[in-house]
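Shown next, in structure tokens, is the structure this report addresses.
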Amino acid sequence: MSLTDKVVLVTGAGGNLGAAVMVVLAAAGARIIAADRREDALQHSLSALDDPVRHLAVPGVDLADEAACDRLVAQAVDRYGRIDGLAATVGGFAAAPLAETGTELLLQMLRINTITTLAIMRAVLPPMRKAGNGSLVVVGAASARRASSGIAAYAASKSAVFRLVESFADELRPAGIRVNAVLPGTIDTPQNRAAMPDADAGTWVRPQEVAEVMAFLLSEAASGVTGALIPVTGRG
């Protein structure tokens, strides 16, 4: 799989998954626009790459703000002339029983999981339409395919991401733009290990495993794949 000289925008680049995605993409030859709200986390992720100067770091971006997404894309196009791919990893999780799942929690989950995805997908479309090709890969959740107890707001926000992927894939097919999603199970991160100390983390999916699937979907090896919701659930 090669992404040589492909220009890929990675959102949430300072997070566990975003950092893993950047390592995989850089190893495959991509040039990366790395965006995150947290400058310290972003710089830490970039430091893991062999040639950080080859890539563009853009800190302080609120992905739920459409104007901020437009500015991010304009900055990327000004640097590289185009955007070939999007790896959108921004997201968050909150669990609560029905009695505590009010509109505030639902709106919070929709903002961080759905609105951030929609805003950056919309922003990257103009340069991709101009080029006549592109690949968008976003992050859903395996647990949202059939929601279990206590995750109604989270599952609703990720289910909305599924529908965005399916609709946009159909809409953008004539423009040569592919849209897909990965659906991770529990990702093996320090935060999840701390939150679930008694769980068998050996059955969880590693960030690199999710990143490898995202990189495949961004590559020409997946040129025939669009509208897919691909579970990446580890060995559980």
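The values are calculated or read from the model by the stated rules, or taken from the named source; none is laboratory data. Owing to the predicted nature of the structure, the values given are computational and were not obtained by experimental measurement. Methodologically, a virtual Cβ is constructed for each residue, glycine included, from the backbone with ideal geometry; neighbour enumeration extends over all protein chains shown.
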Report summary line: Those residues of the range 198-208 which are surrounded by fewer than 20 Cβ atoms within 10 Å (Cβ to Cβ) and either aromatic (Phe, Trp, Tyr) or under 23 Å from residue 3 (Cα atoms) (or both) amount to 206, 208
Report summary line: Residues of the range 142-197 being touching a Phe, Trp or Tyr at 6+ places or on another chain (Cβ under 9 Å), small (Gly, Ala, Ser) and buried (at least 20 other Cβ atoms within 10 Å of the Cβ), in sequence order, are 144, 181
Requested in this report: Would you mind finding the one in 74, 94 that is surrounded by fewer than 18 Cβ atoms within 10 Å (Cβ to Cβ), under 27 Å from residue 229 (Cβ atoms) and aliphatic (A, V, I, L, M)?
Outcome: 94
Query - Selection status of residue 149, in a helix (DSSP H, G or I) and either within 14 Å of residue 138 (Cβ to Cβ) or modelled with pLDDT under 95 (or both) - result: no
**Report entry** Boolean, residue 66 is on the phi < 0 side of the Ramachandran plot, acidic (Asp, Glu) and in contact (Cβ under 8 Å) with a residue 40 or more places away in the chain
**Finding:** yes
Query raised in the report: Any chance the range 192-207 includes a residue that's in contact (Cβ under 8 Å) with a residue 40 or more places away in the chain and out of contact with any strand residue (DSSP E or B) (no Cβ under 9 Å at 6 or more places or on another chain)?
Result: no
Requested in this report: Name the one entry in 124, 137, 179 that is among the β-branched types (Val, Ile, Thr), part of a helix (DSSP H, G or I) and either touching a helix residue (DSSP H, G or I) at 6+ places or on another chain (Cβ under 9 Å) or touching a residue at least 40 places away in the same chain (Cβ under 8 Å) (or both).
Outcome: 124
Query raised in the report: If you go through the range 78-91, how many residues are buried (at least 18 other Cβ atoms within 10 Å of the Cβ) and part of a loop (DSSP other than H, G, I, E, B)?
Result: 5
Query raised in the report: Mind checking which residues of the range 148-176 are touching a residue at least 60 places away in the same chain (Cβ under 8 Å) and of a type in the set (Val, Ile, Thr)?
Result: 165
Query raised in the report: Which residue, of 87, 96, 26, is closer than 28 Å to residue 156 by Cα and modelled with pLDDT of 95 or more?
Result: 87
Report task. For the range 14-24, indicate whether the set of residues that are free of Cβ contacts under 8 Å to residues at least 60 places away in the same chain, surrounded by fewer than 24 Cβ atoms within 10 Å (Cβ to Cβ) and part of a loop (DSSP other than H, G, I, E, B) is non-empty. Result -> no
